Amino acid sequence: MDSQDQRRSDRLLGLGFGVLILALLVATIDAFAVAVRRWWLPPLASVQGRAVDQVIYTLFAVSIPFFVAAQFFLALPLLRSRARGTDRGFTPPPLTRMPGLAAIIAVAVLAIADTAVLADSELHWFRLYSAPPANALQIEVVGRQFLWYFRYPGPAGRLGRASIDFVSPGNPLGLDPADPAGKENIVTTNTLHLVVGRPVAFHVTSMDVIHSFNLPNFRIKQDAIPGRTVTVWMTPDRPGHYQVACAQLCGVGHYTMRGDLIVEPQAAFDAWMKSQEKP
Ligand code: CUA
C-alpha cells in the first residue's frame with residue numbers, strides 16, 4: 001500500500017470514529033428517553049422522598065449538558081480535520097495559554113455546579129438521618145438470611161431491650177427476659193404496616209451478614225449492619241400496598257428476601273395491631 005492509500009484509509013477511519021461517537025450520543029439520548037417513560041422511579045409515597053427525587057433530577061440537569069458537550073468536543077474536531085484531509089488532529093491549547101477569562105469561567109461553572117449538587121444532597125441527607133419527630137412510630141428492623149423481622153412496641157409503648165446474648169431458637173431477636181416491655185412487643189416477619197401521615201423511625205440492624213433495607217417507593221435504602229443500629233425515618237403519605245426489598249447481595253436466597261408493606265389509616269392499623277397481640 002503506498003502512502004497515498006495509507007492516508008486515505010486513515011482519513012476514512014477518522015471519519016468513521018467521529019460518526020460513531022455522534023451515533024453513540026444519539027443512541028444514549030434515545031435510550032434515556034425510553035427509560036424515563038418505561039422504567040423511571042417507582043411511584044413516590046413519602047414526604048421526604050420528594051427531596052431525594054429532586055437531588056436525582058438536579059444531578060441529571062447538571063450532568064447532561066456537560067455530557068453532550070464533551071461528546072461534541074470529541075467528535076467535531078475529528079470530523080473537521082479528517083474531512084479536510086489533514087493529519088493534524090485537534091489539540092486543545094494548554095491551560096496556561098487559554099484566554100484568562102475563559103479559564104476562569106470554566107473553573108467557576110464546574111465549582112458552582114459541584115458545590116450546588118453537594119450542598120443540596122448533604123442537606124437532604126442530614127434531614128433523613130436527623131432525630132425522628134417525637135410522635136414517630138418506632139420499629140426495629142432486623143435483617144437475617146433470608147427474611148426481615150419487624151418489631152413494634154405494641155401495648156408496652158416502647159421497644160424492650162435486646163442483646164445478642166439472649167438469642168436462641170425461641171428468641172431470634174434476643175429480647176431481654178428481664179425487661180417487661182419486650183414481652184408485649186410485637187414481632188412480624190416480612191410484613192410491615194404503617195400509618196398514613198404518621199412519621200416512622202426504623203432502627204435498622206442485622207443478625208448475620210450485611211443486608212440493605214430498601215423501600216423503593218419511599219426512597220429509603222439503608223444498609224443493615226451486624227452489631228450496629230442505624231436509625232432512618234420518613235413519613236408515608238399515600239395509602240397502598242408496597243414492597244420491602246433487600247438491596248444487598250447477601251447470599252443464595254437474596255432474591256427471596258422481600259416483604260409486604262401496607263400503608264393504611266390509623267383505625268385499620270390499630271385493628272391489625274390488635275390482631276397481632278399475644279392472647
Ligand atoms: Cu438480604 Cu439480600
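The values are calculated or read from the model by the stated rules, or taken from the named source; none is laboratory data. Note that this is a predicted model, so its numbers are computed, not measured. Because the Cβ atoms are built from the backbone with ideal geometry, glycine has one as well, and the counts that use them run over all protein chains shown.
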State whether the residues of region 227-234 include one that is within 16 Å of the ligand (Cβ to nearest atom) and either hydrophobic (A, V, I, L, M, F, W, C) or surrounded by 17 or more Cβ atoms within 10 Å (Cβ to Cβ) (or both). yes
Restricting attention to region 175-210, report how many residues are among the charged types (D, E, K, R) and modelled with pLDDT of 95 or more. 1
Mind checking which residues of region 239-268 are of a type in the set (A, V, I, L, M), without any contact (Cβ under 8 Å) to a residue 12 or more places away in the chain and within 16 Å of the ligand (Cβ to nearest atom)? LEU249, VAL252
Just one listed residue, out of ALA45, ALA51, ALA23, ALA27, is in contact with a Pro (Cβ under 7 Å, 6 or more places away or on another chain) and not basic (Lys, Arg), and it is ALA45
Residues that are modelled with pLDDT under 95 and either more than 16 Å from ILE186 (Cα to Cα) or in a loop (DSSP other than H, G, I, E, B) (or both), drawn from region 267-277: GLU277
Considering residues that are hydrophobic (A, V, I, L, M, F, W, C) and surrounded by fewer than 17 Cβ atoms within 10 Å (Cβ to Cβ), the number found within region 148-158 is 1
Report whether or not HIS203 is more than 16 Å from the ligand (Cβ to nearest atom) and either of a type in the set (A, V, I, L, M, F, W, C) or crowded, with 17+ Cβ neighbours inside 10 Å (or both). yes
